[in-house]
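**Q** Would you mind keeping the following structure in view while I ask a few things?
The values are calculated or read from the model by the stated rules, or taken from the named source; none is laboratory data. These figures come from a predicted structure and were not determined experimentally. No Cβ is skipped: glycine too gets one built from the backbone with ideal geometry, and neighbour counts run over all protein chains shown.
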Ligand SMILES: Cc1cc2nc3c(=O)[nH]c(=O)nc-3n(C[C@H](O)[C@H](O)[C@H](O)COP(=O)(O)OP(=O)(O)OC[C@H]3O[C@@H](n4cnc5c(N)ncnc54)[C@H](O)[C@@H]3O)c2cc1C
């Protein structure tokens, strides 16, 4: 019997488990959380991610719950549109993390919830998959040293607000931006990304008073930004310091493969992290193939996975970083072409 241990039962871990399980692999998923999460922000499932979800058998459920995002647009702080509206080549579906993970878990073999792996000791499996996210413990086993994510120097405040839209809109001003996207469940998703050094003294604290913080930060911005802030569900607000990874020299070693954020955690500015993770899962399952046909040559299979996904994931990571820089620069016009090209390159 061919066996795989998957460290992490998030998007990448559950997707890989479902794909390998369907191909006859005996899969064990170790997830530190006690159960599926009840809360989480909206994630963009781009057309190629939906194709992977279809292969898994979760695509219909995700389309049923999620909301189509058909148009993307950038605007300045006053609401004036910057460049053309970008029509998606196919529907991108926005869905919040809990129902996405539930849809994946329904297609995956049993998960060992509440099992945090401190390291990879004692795992006798043929293949070990590091799907343990941005703070991966598996990464050190692949690289031979610890490589930590690095701060991007921007903070993100993200949450939801009642409403509906089919358009992704991002408003850009010096040192901060505000985004509005579709989301399931009768809500829209909003987020604020800002340079903490550009927060004026006396601004309310984003953790204890997110609405007060946002009202002060976006006081003179477009009416839609201010209306959205008025309606936010303050209890849903999540504040974090944005980080990404340096380009890793390798994403596989021996019988271990890294996928998703463990391999290429990226700035959120292109909304591609979950999508790239699903593409990794599909490429890894393709490289390993059906259990009954597997010849036991794990290093060759993982080399094929790395050839398919290492550069692609890192390219999107770099584009996301470039997009973040363009969005928050104080000289707005100069990098706009670059940003629109970055969006077009992955759209
Ligand atoms: C606020 C926010 C908004 C985002 N918005 C978008 C978006 O709009 N579109 C998009 O595509 N991407 C978005 N992303 C990025 C996206 O969420 C990630 O790229 C994606 O979740 C990566 O999937 P993953 O499976 O690699 O990691 P994760 O989803 O982080 O899953 C890792 C799992 O491993 C578990 N784990 C970690 N360590 C251990 C251990 N030692 N033992 C056992 N289990 C462990 C964790 O509990 C977790 O369940 C966003 C991220 C954030 C934080």
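**Q** Cβ contacts < 8 Å: first residue under 14 Å from residue 309 (Cβ atoms), restricted to the stretch 240-263; second residue assigned to a strand (DSSP E or B) and more than 16 Å from the ligand (Cβ to nearest atom), any location; separation 6+ or different chain. Result?
**A** Qualifying pairs under 8 Å: 257/127.
**Q** Okay, moving on. Is it the case that the stretch 1-21 has a residue that's within 30 Å of residue 225 (Cα to Cα), away from the ligand (no atom under 12 Å from the Cβ) and at pLDDT 95 or above?
**A** no
**Q** Give me the residue from the stretch 246-267 that is farther than 30 Å from residue 208 by Cβ and within 11 Å of the ligand (Cβ to nearest atom) and, out of that set, nearest to the chain's Cα centre (by Cα).
**A** Among them, the one singled out is 260.
**Q** Kindly indicate whether any position in the stretch 296-303 is modelled with pLDDT of 95 or more and within 20 Å of residue 44 (Cα to Cα).
**A** Within the stretch 296-303, none of the residues are modelled with pLDDT of 95 or more and within 20 Å of residue 44 (Cα to Cα).
**Q** Check 103, 140 and return the single one that is assigned to a helix (DSSP H, G or I), within 20 Å of residue 299 (Cα to Cα) and more than 7 Å from the ligand (Cβ to nearest atom).
**A** 140
**Q** Still on this model: Looking for whichever is more than 10 Å from the ligand (Cβ to nearest atom) and either outside any helix (DSSP H, G or I) or closer than 24 Å to residue 323 by Cα (or both) here; the options are 243, 224, 211. Which one fits?
**A** Testing whether each residue is more than 10 Å from the ligand (Cβ to nearest atom) and either outside any helix (DSSP H, G or I) or closer than 24 Å to residue 323 by Cα (or both) leaves just 224.
**Q** Next question, about the same structure. Among the residues of the stretch 124-165, what is the count of those that are within 19 Å of residue 276 (Cα to Cα) and without any contact (Cβ under 8 Å) to a residue 40 or more places away in the chain?
**A** 1
**Q** Would you pick out the residues in the stretch 22-58 that are assigned to a loop (DSSP other than H, G, I, E, B), at pLDDT 95 or above and either in contact with a strand residue (DSSP E or B) (Cβ under 8 Å, 6 or more places away or on another chain) or away from the ligand (no atom under 13 Å from the Cβ) (or both)?
**A** Correct list: 23, 24, 25, 33, 34, 35, 57, 58.
**Q** Within the stretch 273-285, can one find any residue that is under 20 Å from residue 4 (Cα atoms), at pLDDT 95 or above and more than 14 Å from the ligand (Cβ to nearest atom)?
**A** Yes, that holds for at least one residue.
**Q** Continuing with the same structure: If only one of 83, 79 is away from the ligand (no atom under 16 Å from the Cβ) and either modelled with pLDDT of 95 or more or part of a loop (DSSP other than H, G, I, E, B) (or both), which one is it?
**A** Within the list 83, 79, the selection yields 79.
**Q** Taking the stretch 281-302 on its own, how many of its residues are assigned to a helix (DSSP H, G or I) and surrounded by 15 or more Cβ atoms within 10 Å (Cβ to Cβ)?
**A** Qualifying residue count for the region: 12.
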